[in-house]
Amino acid sequence: MTSSEPCFIADRMLGRLARYLRLMGYDVSYPPSTSDAHLIAMARAEGRVLLTRDHGISLREGPRAGAPVVIEIRSSQILHQLRQLVQEGWVTRFLEPRCPVCNARLKAMEEWEARHLLPPYTLATQESFNFCRSCNCVLWEGSHWKDFRARIAHALNPR
Ligand SMILES: [Zn+2]
């Protein structure tokens, strides 16, 4: 079901966008600092859409045979960045969330499973928990992400 969704690779200027896209469920690679040529080679090899703040990359790699799809992210503001991807049709809905740190799929966790892993305050104030097997940690939706999710939902569905 998720195979029709685009996979992305984000440059080092877009760490925040990478984390939010992962929380929305998109597969986003966020490699350590590397050359433009390597970034482009990775995008091509893995069939990922390259997200960049670098106008030069998007100019050089502009649409041509054998080049990966490159999206130049125009704003430095996270909400505008996501809105650009929504408006251009790349991001259309929320998928099953991925770990913002490592990009792995998360596993939903019942409260009783999280009980011995989290402090009581967190257990009392949060309702849903996810577990990342790769990072071996529990994640929950903080108020910041809830607020953000509502704004993105609005961008996805303006009326
Ligand atoms: Zn993780």
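Computed values, structure above
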| read-out | value |
| --- | --- |
| Selected residue (criterion: nearest to the ligand (Cβ to nearest atom)) from residues of the stretch 90-101 that are farther than 12 Å from Ala155 by Cβ and open to solvent by 50 Å² or more (accessible area, probe 1.4 Å) | Val101 |
| From Leu118, Leu82, residue being assigned to a helix (DSSP H, G or I) and away from the ligand (no atom under 16 Å from the Cβ) | Leu82 |
| Leu79 modelled with pLDDT under 90 and surrounded by fewer than 18 Cβ atoms within 10 Å (Cβ to Cβ) | no |
| Matching residues, the stretch 132-159, being within 16 Å of the ligand (Cβ to nearest atom) and open to solvent by 40 Å² or more (accessible area, probe 1.4 Å) | Arg133, Ser134, Cys135, Asn136, Cys137, Trp140, Glu141 |
| Breaking point among (1) under 19 Å from the mean Cα position of the chain (by Cα); (2) more than 27 Å from Trp140 (Cα to Cα); (3) of a type outside the set (S, T, N, Q); (4) buried (at least 18 other Cβ atoms within 10 Å of the Cβ), for Ile57 | (1) |
| Qualifying residue in the stretch 108-128 (condition: farther than 27 Å from Trp90 by Cα, open to solvent by less than 40 Å² (accessible area, probe 1.4 Å), touching a helix residue (DSSP H, G or I) at 6+ places or on another chain (Cβ under 6 Å) and at pLDDT 85 or above) | no |
| Candidate set from the stretch 70-84 (those that are without any contact (Cβ under 8 Å) to a residue 40 or more places away in the chain and not polar (S, T, N, Q)); member that is farthest from Phe148 (Cα to Cα) | Val70 |
| Exclusive hit being over 18 Å from Trp145 (Cβ atoms), at pLDDT 90 or above and of a type in the set (Ser, Thr, Tyr), set Thr2, Thr92, Thr34 | Thr92 |
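The values are calculated or read from the model by the stated rules, or taken from the named source; none is laboratory data. Quick caveat: nothing in here was measured; it's all calculated off a predicted structure. Every residue, glycine as well, gets a Cβ built from its backbone with ideal geometry; the counts of neighbours run over all protein chains shown. Side chains included, ligands, DNA and RNA excluded: accessible areas come from the protein's heavy atoms. Shrake-Rupley method; radii C 1.70, N 1.55, O 1.52, S 1.80 Å.
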